[in-house]
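Accompanying notes for the structure given below.
The values are calculated or read from the model by the stated rules, or taken from the named source; none is laboratory data. Bear in mind that the values here come from a model prediction, so they are computed numbers and not experimental data. Neighbour counts run over all protein chains shown; Cβ positions are idealised from the backbone, glycine included. When the accessible area is computed, the model is the full protein with side chains, heavy atoms only, and any ligands, DNA or RNA have been set aside. Shrake-Rupley method; radii C 1.70, N 1.55, O 1.52, S 1.80 Å.
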Amino acid sequence: LLSFLPERSNLAGVRHILLVLSGKGGVGKSTISTELALSLRHSGKKVGILDVDLCGPSIPCMFRVQDNDVHQCDSGWVPVFVDQDKSISLMSIGFLLEKPDDAVVWRGPKKNALIKQFVADVAWGDLDFLIVDTPPGTSDEHISTVEALRPYKPLGAILVTTPQAVSVGDVRRELTFCKKTGLRVLGIVENMSGFVCPHCSECTNIFSKGGGEELAKHAGVPFLGCVPLDPQLSQSLEEGRDFIQEFPKSSAFPALAHIAQQILDGTSQQSS
Amino acid sequence: VFSLSLALSVADCPGTSSAQAGRAAACQGCPNQKLCAGGAAAPDPAEAAELRERLRSVKHTILVLSGKGGVGKSTFSALLAHGLAADEAKQVALLDIDICGPSIPKMMGLEGEQVHQSGSGWSPVYVEENLGVMSVGFLLSSPDDAVIWRGPKKNGLIKQFLRDVDWGEIDYLIVDTPPGTSDEHLSIVQYLSATHIDGAVIITTPQEVSLQDVRKEINFCRKVKLPVIGVVENMSGFICPKCKNESQIFPPTTGGAEKMCQNLNVSLLGKVPLDPQIGKSCDKGQSFLSEAPESPATSSYRNIIQRIQEYCDQHHFHKEKIN
C-alpha cells in the first residue's frame, strides 16, 4: 500500500531554483555562485548549492569543506552544511571522490545519470534558494540538468562572462541555449571587469571592458553589474572564507552585494 | 529510492580505457557499462586504419589541455601555432575540438570563414600558407548558434575532423581542447592512437582552485598513457603599467604550478604574466607575439614554444633511433 503514496519530492521545500551558466570556462561561475550564496545568507536566507561540474568541482574548496563526507538519510543524500548554522548546504561530486586528484573520466551517459540523482536524491529540506553551479558549455551536464529541473520550474539563469569578445562570443551561444530550453535569463554579470592597482589606484582593463554590458543590451536581458578583479576575493576563495562577512570594504563587495539584492528584489516582486 | 552504487562506482571505476572496463564488479548497474564492455573504448580496426592513413604525414602532435576552464588554452594554442609557423619551412595545423565554445576562429582572425569541400576532403582554413585551422566555428552560420550536443555527437564530429580534413603534410598538429576530462578528451586520445601523440602541454593559472583541476588532468594523462611535455603557468602576476608594482591577482596560495610540478614530477615549461594586450590581440584575431614583441609575456611565450620544439625534436630523434 505504501508504494502507492506519492513521494514528497526532495525539491518540494525549495522556494527558488536558479542556475549559474556561461558558455565560457573560467569566468567566475563558481565564484559568483559562492558569493551569491554568502550574500543571500547575510540577508537571512537559507541557501543550497548544487555543483553539477563533475570534472572540475570547485564548490567544496570555496567553503573549506572539501574533506567532508556525504551521508544518507531516509529521503536520500544529506547535503554538506558549511557550518553549524546550517544556513548554507552543498552537494558536489567533490565529496564523493576518495582522492581529490582522481580524475572523473566519464562519458555522457554516466554524467547524466549522476546529475539526475543529484537533482532528485539530495534531501535539501526547506531552502529559500537553490543555486545550481554548472561547468562551461552547452552539453550533457546542461541538457540533463535543465531537463531534470524542468518540473520544478526554476526561476531562471544568471549568465557570467568576462568583458572580452572571446568570452562574450561563447556566452551568446549560452543565451541561445536558454532560449531553446525555455530557461528565463535573470541577467548577465560582467566579471573580472577592470583591476584597480592596490598600490597606486590606477585602473587597468586587463580583460577589456564593457562586453558583458553590451551583450545584455543587445540581447534585451537585464545587466546585473560589473565585478572588478579583486585579489582579496581570489585569496578569500582559496582559503574558503566568507568574503561578504570579512571584506565589506574590498573592491568586489559592492558589485556582489548588488547582484544579490537584484535577485532578492526579483523574487519579492514575484510573490507580491 | 536512491542508491549508493553510483557513489561507490566513482571510486571503484576501473577506468573507461582499462582492460576491465565494463567487466569489473563496480561496473554492475553503471549507465556506461554497455558502452565500456562492448569495447567502445577500443577503436574499430577499420576506422583506426583509415585514421592512420590520413594522419600518416603528421610528424608531431601536441595536445593543449587543462582540467580548468579559462586559463588560456586557446590563447596558448593560437600563439604556439603562430610561433611554430614563423619558420616558413614548417607546415602547422591547428585543430580546435572545443565543440561548444570554439574560440580559435576569432583568435586567429578567421571569424566568418567557412569550410570548403574538395575531392580530397574538407579544406582547412589558412591563416598563412603554412598555417591551417579547423574548428566547428567554421561550420556555424551565426555567432549566436549554439551547439547543444551530447557526447556521442561531439565524438562523431571530432572523428570527422581527423578523418575528413585534408591536412596534407604537416610538421606540427596542435589540438586545442575544452576544459575537463570527458568525451572530447577520451575520443581525441583514442582516435589519435592511430598515429602518435608527442605529448600534452597543460595550462594552469597559479591559484589552488585551478591546480586542483589540473592535477586531475595530469592523472588523466597518466591513465591514458599520454606523455606530459610540461605545464605552463599563465596569468602569473600582474605588473601595474603605472607604478610597476606587482600584484598577484590569482594568488599561488599553495605554491603555484612550480610546487605542483615538483610534487608530480612534471616539467614547468614557464610562467607567463598577465598583459592586457594579450586579450586585446585575441579579440582582434592578431598574434600577440607580433603585436607586443617587447612584452615580458612575449619572451615567456617564446621560451616556452622553444622548449616544446626541442622536446619534439628529441622525440623525433628518439623515434628515428628506434627505427
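Taking amide hydrogens as placed 1.01 Å from N in the peptide plane, the amide H of B:THR253 sits under 5 Å from those of B:GLU208, each at least 5 positions away in sequence or on another chain.
The simple Förster model, with R0 at 22 Å and r as the Cβ-Cβ distance, assigns B:SER142 and B:LYS284 a FRET efficiency of 0.60.
Measuring between their Cα centroids, the range A:78-126 and the range A:235-249 lie 23 Å from each other. For chain B, excluding the exposed loop sites themselves (trypsin sites (Lys or Arg not before Pro), DSSP loop, at most 15 other Cβ atoms within 10 Å), the longest remaining stretch covers B:57-224. As I understand it, the dipole of the range A:14-269 uses +1 on the Cβ of Lys and Arg and -1 on the Cβ of Asp and Glu, about the Cα centre. Which of A:GLY28, A:ILE263, A:ILE59 lies farthest toward its positive end? Of the candidates, A:ILE263 comes out farthest on the positive side. The Cys residues in chain A with no partner Cys Cβ within less than 4.7 Å of their Cβ are A:CYS55, A:CYS61, A:CYS73, A:CYS178, A:CYS203, A:CYS226.
Within the accessible surface of the range B:126-282, defined with a 1.4 Å probe on protein heavy atoms only, the carbon and sulfur portion equals 47 percent. The aspartates and glutamates whose alpha-carbon is closer than 12 Å to the alpha-carbon of B:LYS244, local same-chain residues fewer than 8 away aside, are A:GLU202. Within the range B:92-108, the residues that become at least 10 Å² less accessible when every protein chain is included than when their own chain is isolated (1.4 Å probe; DNA, RNA and ligands ignored) are B:CYS100, B:GLY101, B:PRO102, B:SER103, B:LYS106, B:MET107. The mean accessible area for residues of chain A, using a 1.4 Å probe and ignoring ligands and nucleic acids, is 39 Å² per residue. Stretching the chain fully between B:LYS244 and B:ALA49 yields a gain of 64.6 nm (0.36 nm per residue, less the alpha carbon separation). Dividing the summed helix terms, -39500 (n - 2.57) for each DSSP H run of n ≥ 4, by the number of residues in chain A produces a 222 nm estimate of -11000 deg cm²/dmol to the nearest 500. Remark on A:GLU202: its backbone amide H falls under 5 Å from those of A:CYS197, a criterion applied only to residues 5 or more positions apart or on other chains, H modelled at 1.01 Å from N. With a Förster radius of 35 Å applied to the C-beta separation of A:HIS199 and A:HIS42, the computed FRET efficiency comes to 0.70.
In the structure shown, do any of A:LYS110/B:LYS154; A:LYS24/B:LYS68; A:LYS209/B:LYS106; A:LYS29/A:LYS249 have a Cα-Cα gap over 20 Å, and if so which? Checking Cα-Cα distances, A:LYS29/A:LYS249 exceed 20 Å.
Projecting the Cα atoms of B:GLN33, B:CYS240, B:LEU63 onto the charge dipole of chain B (Cβ charges, centred on the Cα centre) puts B:GLN33 farthest toward the positive pole. Taken along the Cα-to-beta-carbon direction at a fixed 7 Å, the label points for B:ARG56 and A:SER9 span 5.8 nm. Would you please state the base-10 log of I(q)/I(0) at q = 0.06, 0.10 1/Å for the protein assembly as shown, with intensities from the Debye formula using one equal scatterer on every alpha carbon? Debye curve over Cα of the protein assembly as shown, log10 I(q)/I(0) at q = 0.06, 0.10 Å⁻¹: -0.29, -0.84. Going 7 Å from the Cα of A:LYS116 toward and past its Cβ, which residues in the range A:136-154 have a backbone nitrogen under 17 Å from where you end up? Hits in the range A:136-154 for A:LYS116 at 17 Å: A:140-152.
Using only the C-alpha atoms, the convex hull of chain B corresponds to 167 Å³ per residue. Its Cα centre serving as origin, the range B:171-323 has a Cβ charge dipole (Lys and Arg +1, Asp and Glu -1) of approximately 320 debye. Using only side-chain charges placed at the Cβ, +1 for Lys and Arg and -1 for Asp and Glu, the dipole size of the protein assembly as shown relative to its Cα centre rounds to 860 debye.
Placing +1 on each Lys and Arg Cβ and -1 on each Asp and Glu Cβ, with no other charges, gives the range A:14-269 a dipole about its Cα centre of roughly 920 debye.
Here the label points at A:GLU214 and A:LYS180, each 7 Å from Cα along the C-beta direction, are separated by 2.5 nm in the simple model.
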